[in-house]
Amino acid sequence: MAEHHPVSAAPEGGSQRTADPLSQNLPTIALREKLSYGCGDLSSNLMWGVTASFILYYYTDVYQIAVERVALMLLVVRVIDACFDPLVGWLIDCSRDADMVRRLIAWLAVPFGLIALLAFLPLPLSDNGKLAWATLTYTLLGAIYAGINTPYGILSSLMTPHPQQRVVLNAFRAMGSQSGMLLIALLTLPAVHWLGGGSSQQNELKGFPLYMAGVGALGCGLWFVTLKGCVIRYRPEPHRFPLKILLGALLKNRDWLLCTLAFGLYYIILSAFYSFALYFARGVLMQSTAFGGYILTLITFCSVTGSACVPLLIRYVSRRTLLLAGYVCQAALLILIGLIPLTPLLFMLLFPLVALQLGVNSPIYYSIIADSIDAGMAKTGVRTAGLAWSLNTLMTKVAYAVGGSLLAMMLSLGHYDPQALIQSELTARYVKIGFIWMPLMVYLISLPVIWRLPRDRQTASNK
């Protein structure tokens, strides 16, 4: 059976650790290391923030690809992308290189920054050429994201095996994630308009690639901060298992299956809120695109606040209870927002309560996933961390793609006109379905899944 072994000599900046992983004498993870770990998802979500919040807008309004073609492209790319995540995970599980996790991050940091520019580089092509270029760059984006985010997901398990420490680490991960989203929401449109010299479609066509060149450079640098600052203390013994054995062990891991399903559904909710904020501002609230940027900023600021509260909340409330209570509250708030006559001010007062819980969910999911992977390995003796995290990443990307495709279809059904200053009532109706009613349905579907998640092994008193 695979076991975790302490690392005798820590990498740069780390001290020697020899404690039993589950003993009371666990090595302390310093604040600097937690911040370094959070930098990884800060980088990852600089990219994901742009793709979640602006790539649909960029394709339809700026690069001017037909909405129907964008909807189909998002689904097709994710089918292709489905191959990358399991492949990366399987390579990590089968590798006898103890530093494969760190090597993959180091190798892909620069391509990660480069693809940020290429995905928003508007080559002057025909309509078919534009679609082909968007498909190619979006596919590469998914492949590189899989290659760097799968080992990053495993990294927290190698830093500590203790559930509470993992929750704290993943709270910093979530804060990094939401901080990246906050920066993107706050800066993207003003920076694009400044760099492009205005707010017209032609100005945005010029401003987006310049802005994304800077985002890519920053994202690349942050990955190297993570590499330098995070200490790997526990490495599993390298074992080679056939893919059939790995998949069989994962399919027997009920807790991992449930958490991965719940996390995937959560990403459909995120895709709705982030992808449709600009359209909701214009089509329902009758405000400018810039007001949509304010909504994105509000969502991400509240999410950062929610993530920061998690280390305190888990001292008193179990992770599963936090998820259940949060989902019920969010569903109730969405019903209220969807039924009452809505003004911009009223929306900006009510929706932050929904966004707060978004930040709470993420670190809890990451910590439960890590625990379920370790528990499954203890039962089966099969090391599945790489494949498990890769399939989890795949699920979230597929969920985001499905959500994005459904949203693009709603724009098509609502006859959305990118050139119109005021959208029709039909467009507003479909935008409201995508931003309010679709997430509400997903919340309700998720509740029975969350109810069956494992209970915390530790009580609040002994944490």
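The values are calculated or read from the model by the stated rules, or taken from the named source; none is laboratory data. The structure displayed is predicted, hence computed values, not measured ones. Neighbour counts are summed over all protein chains in view; Cβ atoms, including those assigned to glycine, are modelled from backbone coordinates with ideal geometry. Protein only, heavy atoms only, side chains kept; ligands, DNA and RNA dropped before computing areas. Shrake-Rupley method; radii C 1.70, N 1.55, O 1.52, S 1.80 Å.
From ALA98, ALA82, grab the single residue that is in contact with a strand residue (DSSP E or B) (Cβ under 8 Å, 6 or more places away or on another chain) and modelled with pLDDT under 85.
Criteria check complete, one pass: ALA98.
Which one of LEU345, LEU270, LEU258 is modelled with pLDDT under 90 and part of a helix (DSSP H, G or I)?
LEU270
If we keep just the residues of segment 371-387 that are in a helix (DSSP H, G or I) and modelled with pLDDT under 80, which is nearest to ARG103 (Cα to Cα)?
Among residues in segment 371-387 that are in a helix (DSSP H, G or I) and modelled with pLDDT under 80, the one nearest to ARG103 (Cα to Cα) is GLY386.
Among the residues of segment 327-341 satisfying the criterion of being farther than 10 Å from TYR443 by Cα and not hydrophobic (A, V, I, L, M, F, W, C), which is least open to solvent (accessible area, probe 1.4 Å)?
The residue in question is GLY338.
Of the residues in segment 440-463, how many are open to solvent by less than 70 Å² (accessible area, probe 1.4 Å), closer than 23 Å to TRP256 by Cα and at pLDDT 90 or above?
Qualifying residue count for the region: 6.
Please identify the pairs in which a residue from segment 396-408 that is open to solvent by 10 Å² or more (accessible area, probe 1.4 Å) has its Cβ atom under 8 Å from the Cβ atom of a residue that is outside any helix (DSSP H, G or I), counting only partners at least 6 apart or on another chain.
Close Cβ pairs satisfying both conditions: VAL398/ALA82.
Select from segment 180-217 the residues that are open to solvent by 10 Å² or more (accessible area, probe 1.4 Å) and among the hydroxyl-bearing types (Ser, Thr, Tyr) and list them in ascending order.
SER199, SER200, TYR211
Any idea which of ALA281, ALA331, ALA325 is small (Gly, Ala, Ser), over 24 Å from MET409 (Cα atoms) and in a helix (DSSP H, G or I)?
It is ALA325.
Would you be able to say whether some residue in segment 211-234 is assigned to a loop (DSSP other than H, G, I, E, B) and of a type in the set (A, V, I, L, M)?
Scanning segment 211-234, I find at least one residue that is assigned to a loop (DSSP other than H, G, I, E, B) and of a type in the set (A, V, I, L, M), so the answer is yes.
Residue by residue through segment 30-60, note down the ones that are over 20 Å from the mean Cα position of the chain (by Cα) and either surrounded by 21 or more Cβ atoms within 10 Å (Cβ to Cβ) or without any contact (Cβ under 8 Å) to a residue 60 or more places away in the chain (or both).
Answer for segment 30-60, where residues must be over 20 Å from the mean Cα position of the chain (by Cα) and either surrounded by 21 or more Cβ atoms within 10 Å (Cβ to Cβ) or without any contact (Cβ under 8 Å) to a residue 60 or more places away in the chain (or both): ALA30, LEU31, TYR59, THR60.
Looking at segment 137-148, is at least one residue open to solvent by less than 20 Å² (accessible area, probe 1.4 Å), of a type in the set (A, V, I, L, M) and modelled with pLDDT of 90 or more?
no
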